[in-house]
Amino acid sequence: MIPIYAFSVFHKKHYLKRVGVVLIGTIVFFLCELLAPNDSVLITSEQQIWMRVYSFCLCTVFASFIMNLLISRLIKANTFLKRLAEVDELTGISNRRKVLADAVNVFASSILNKEKSSFAIIDLDHFKKINDTYGHDAGDLVLRDVAQTMANKIGAAFKLGRYGGEEFVIVMPNTDKGLAQKEMEAVRKSIESLYIETKLGIVVPVTVSIGISSIGFNTSRYEELLSEADQALYEAKNAGRNQVQVFSLY
């Protein structure tokens, strides 16, 4: 049990601690064997039975402790790996994989339950200019602050994720075009009023353009909503940026 404990509790980089615990346990065991008298009865037969029961119970508890420790470590490792797979490292919000999975789930639920849902694509205006003018550290700061501002503004009901580069996606279940436009206009204003200051004391102005699309009668795939939201975003850019556009066929 001692070697099992040593290799379970200590990390593999703590090699000396593992070896030390095993050696100490081994030495104590052999000392007990060598120093124990062989010509006298230490315990009676009845006591031997109780000692076996006691040893069995002790080993069972010890083994349970080790198993619980290993399971806890596995759960912690799985949680960490899940976070790596789903969270954008820079901004702390969902990454592209996670937000698209959310989009699929929301779209499928909307189709099955015949509910409205809307997608929005948000793009930072002149982000390349921010990087070129203030440096990439300032660009990273802008991305983090904008992402956190959007996360705080939309709450838990909507799904937010980084789509790639300076683009973000917001998935809005149970939301029609009118409500989506109202919500995204509030997001746009909150970002426009941000006060982002670099370590050098430089204030970086930030605005975003937003394109929105909602489920229609002919919508059959969630990719169509993303494509329509992207077209609406393109219209917002062409119209002068720092505004919200809703996709329309007409």
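Which one is farthest from Thr219 (Cα to Cα), of the residues in the range 114-129 that are open to solvent by 90 Å² or more (accessible area, probe 1.4 Å) and part of a helix (DSSP H, G or I)?
Checking each candidate, the answer is Lys129.
Being out of contact with any strand residue (DSSP E or B) (no Cβ under 8 Å at 6 or more places or on another chain), more than 21 Å from Arg96 (Cα to Cα) and charged (D, E, K, R): is that true of Lys177 here?
Answer is no for this residue.
Please pick out the residue among Thr149, Thr175 that is closer than 26 Å to Asn113 by Cβ and more than 17 Å from the chain's Cα centre (by Cα).
Thr175
Restricting attention to the range 43-53, does a residue exist that is part of a helix (DSSP H, G or I), surrounded by 11 or more Cβ atoms within 10 Å (Cβ to Cβ) and of a type in the set (S, T, N, Q)?
Yes, there is a match, as at least one residue in the range 43-53 is part of a helix (DSSP H, G or I), surrounded by 11 or more Cβ atoms within 10 Å (Cβ to Cβ) and of a type in the set (S, T, N, Q).
Can you find a residue in the range 184-201 that is over 26 Å from the mean Cα position of the chain (by Cα), at pLDDT 95 or above and among the small types (Gly, Ala, Ser)?
yes
Going by what's in this entry, would Thr207 be described as in contact with a helix residue (DSSP H, G or I) (Cβ under 6 Å, 6 or more places away or on another chain) and surrounded by fewer than 20 Cβ atoms within 10 Å (Cβ to Cβ)?
Taking the combined requirement at face value, the residue satisfies it.
I'm checking my understanding of the structure. Among residues of the range 138-157 that are without any contact (Cβ under 8 Å) to a residue 60 or more places away in the chain and among the β-branched types (Val, Ile, Thr), which one is nearest to His126 (Cα to Cα)?
Among those residues, the one meeting the criterion is Thr149.
When you go through Phe80, Phe65 one by one, which is the residue that is among the aromatic types (Phe, Trp, Tyr) and under 30 Å from Leu143 (Cβ atoms)?
The unique qualifying residue is Phe80.
Please work out which residue is nearest to Lys182 (Cα to Cα), limiting yourself to the range 130-150 and to residues that are surrounded by fewer than 18 Cβ atoms within 10 Å (Cβ to Cβ), at pLDDT below 95 and not hydroxyl-bearing (Ser, Thr, Tyr).
Looking at the filtered set, the residue picked out is Asn131.
Applying the selection to the range 60-103, what residues are charged (D, E, K, R), surrounded by 10 or more Cβ atoms within 10 Å (Cβ to Cβ), at pLDDT 80 or above and within 9 Å of the chain's Cα centre (by Cα)?
If the condition is that a residue be charged (D, E, K, R), surrounded by 10 or more Cβ atoms within 10 Å (Cβ to Cβ), at pLDDT 80 or above and within 9 Å of the chain's Cα centre (by Cα), then Glu86, Asp88, Lys98 are the ones that fit.
What is the number of the single condition among (1) in contact with a helix residue (DSSP H, G or I) (Cβ under 6 Å, 6 or more places away or on another chain); (2) open to solvent by less than 70 Å² (accessible area, probe 1.4 Å) that Lys153 does not meet?
Of (1) in contact with a helix residue (DSSP H, G or I) (Cβ under 6 Å, 6 or more places away or on another chain); (2) open to solvent by less than 70 Å² (accessible area, probe 1.4 Å), only one is false for Lys153: (2).
Since Leu226 meets every condition but one in (1) aliphatic (A, V, I, L, M); (2) closer than 22 Å to Asp145 by Cα; (3) open to solvent by less than 40 Å² (accessible area, probe 1.4 Å); (4) out of contact with any Leu (no Cβ under 8 Å at 6 or more places or on another chain), which condition does it not meet?
Only one criterion in (1) aliphatic (A, V, I, L, M); (2) closer than 22 Å to Asp145 by Cα; (3) open to solvent by less than 40 Å² (accessible area, probe 1.4 Å); (4) out of contact with any Leu (no Cβ under 8 Å at 6 or more places or on another chain) is unmet by Leu226, namely (2).
Quick one: in the range 237-247, of everything that is over 13 Å from Gln181 (Cα atoms) and either buried (at least 18 other Cβ atoms within 10 Å of the Cβ) or polar (S, T, N, Q) (or both), which residue is farthest from the chain's Cα centre (by Cα)?
Top of the filtered list is Asn238.
Could you give every pair whose Cβ atoms fall below 9 Å, whose first residue belongs to the range 44-64 and is under 18 Å from Ile2 (Cβ atoms), and whose second residue is part of a helix (DSSP H, G or I), counting only separations of at least 6 or pairs across chains?
Phe62/Ile4; Phe62/Tyr5; Ala63/Ile4
The values are calculated or read from the model by the stated rules, or taken from the named source; none is laboratory data. Keep in mind the model is a prediction, meaning the values are calculated, not measured. FYI the Cβ positions are ideal-geometry reconstructions off the backbone, even for glycines, and counts take in every protein chain you see. Quick note on the areas: whole protein, heavy atoms, side chains included, nothing else; ligands and nucleic acids left out. Shrake-Rupley method; radii C 1.70, N 1.55, O 1.52, S 1.80 Å.
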